[in-house]
Amino acid sequence: MKKMIIGLIVLMSASLFAQSTETYLELLRSDIKAKKKTVIAEAMNLNDLQSEKFWPIYREFEFEWDKLADTRVGIIKEYAAHYDKLTDEKADELIQKSYELDEDKLDVGKKYYEKVKDVLGAKQAGKFMQIITRLNMLIDIQIAAELPLIPVDSTTTSSGNK
C-alpha cells in the first residue's frame, strides 16, 4: 500500500505551472481515480463476499464525490478567473462556497460510512473512511500547493478599507 500511495504522490507532484487547469483536472479524474481504486482495494483487503457488497456502494460514493469535485473545480476556475481583480465581495463569496462544499463532503462521508458499516461493520467502514480521507488529503495538499494565496494590497486595513 505504501508503494501505491507514494506512486500517487509522485503522479500528483507534476507541476501545475506547466499544465493548464483543464489538463490538471483531467489528470485528477483519470489517473488518480484509477490509482485511488487500486489503493482502496489493496488496503481494504476484502474477501469475495465483502467485495460483492462493498464495490457497488463505492461506485455510488464515487458518483456523488465526483459531483463535489465538479463543484470544487468550479470554485477553482472562478478563483482563477477573478484572481487579478479579486474584490472583498468575490473573495467572501468563494470562501462561503468552499465552506458549503466542505459541509457537503462531510455529509457524503457520513452517508457512505453508514452504508459501508451496514454491510461490513464499523471497523471496515472506518478503515474505508480513513483511506478516503488520506487520499483526499494528498489531492488537497497538491491543489493547495499550486494555488496562489489571495492577493492583498498592503495598503488595505484590517477592516478591508483603504
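No lab work stands behind these numbers, since they all come straight from the coordinates. Just so you know, these numbers come straight off a predicted model, no measurement behind them. Cβ placement follows ideal geometry from the backbone for every residue including glycine, while neighbour counts extend to all protein chains displayed.
To make sure I understand, if each residue's beta carbon is the centre and we count other beta carbons within 10 Å, what order do 40, 141, 75 fall in, fewest to most?
Going from sparsest to densest Cβ surroundings: 141, 75, 40.
How do 134, 72 line up, fewest other C-beta atoms within 10 Å first?
Ranking 134, 72 by Cβ neighbours within 10 Å, fewest first, gives 134, 72.
Take the cross-link list 36/90; 33/111; 53/97; 77/123 and give me the ones stretching past 29 Å between alpha-carbons.
36/90; 53/97; 77/123
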